[in-house]
């Protein structure tokens, strides 16, 4: 039986994981496709269409390897058919509320710092701290949701570098495969 995986853009764009497959996003993706081609009898690789569009943005206009669309199964989740437990909505709302409050505290601190540090430095610090408070470790895009829903629908493992997706995959009982483990699998 083939191992089903759903792969995320972050595997090829995150600087910490991209280097597992290549130096640049394009090189990492092309090397990944070549590895999948060698092991197409052992692994089925899926990617939601929304994530493929996101990945193409990072890859630029240069043509992809011809085998890409045969080896990478592009499939959107059946968003209206996949059942998710009520706790998912409950916990997501609770987490968003906590993060909004963190963002408010970061903004309040920035206002106080503006008088001491100066406007420009404060704005830069505010952007970084605000992004960290609101986005790190949370599912923050419809692409993230598509990744989780497709994995649930297919009973497939997720390969990602996104900490928010990992956290929610764990809550939903979705198997995770680390990018480095996937490379080892594809090299064996």
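Structural remarks
- Comparing Cα centroids, the range 11-30 and the range 81-104 end up 31 angstrom apart.
- Contour minus Cα-Cα distance for residue 97 and residue 163 (0.36 nm per residue): 21.9 nm
- Its alpha carbons considered, the range 1-66 gives a radius of gyration followed by a Dmax of 11.7, 36 Å.
- Taking Cα atoms only, the orientation of helix 86-117 departs from the longest principal axis of the chain by about 50 degrees.
- Rounded to 10°, Cα long-axis angle of helix 119-135 versus longest principal axis of the chain: 50 degrees
- The sum of -39500 (n - 2.57) across all DSSP H runs of n ≥ 4, divided by the residue count of the chain, sets its helix-only mean residue ellipticity at 222 nm to -20000 deg cm²/dmol.
- Cα long-axis angle, helix 142-154 against the chain (0 to 90 degrees, to the nearest 10): 40 degrees
- Longest to shortest principal axis, alpha-carbon extents of the chain, angstrom: 62, 40, 28
- Fully extending the segment from residue 105 to residue 1 would add 32.4 nm, taking 0.36 nm per residue of separation and subtracting the current Cα-Cα distance.
- For the range 40-64, the residues whose amide N sits under 18 Å from a probe point set 7 Å from the Cα of residue 26 along the beta carbon direction are 53-64.
- Distance between the modelled labels on residue 88 and residue 176, one decimal in nanometres: 1.7 nm (7 Å Cα→Cβ projection).
- Full-stretch length increase - residue 76, residue 125 - with 0.36 nm per residue and alpha-carbon distance subtracted: 13.9 nm
- The relative contact order of the chain comes to 29 percent, based on Cα pairs under 8 Å that sit 6 or more residues apart.
- Take each peptide in 140-150, 173-183, count the other Cβ atoms within 10 Å of every residue, and average; sorted highest first, the result is 140-150, 173-183.
- With N the number of residues in the range 37-105, Rg(Cα) / (2.2 N^0.38 Å) evaluates to 1.66.
Every number here is computed from the coordinates shown, using simple stated rules; none is lab data. Computed from a prediction, not measured in an experiment: that's the story for all the values here. Glycine also receives a Cβ, built like all others from the backbone with ideal geometry; neighbour counts cover every protein chain displayed.
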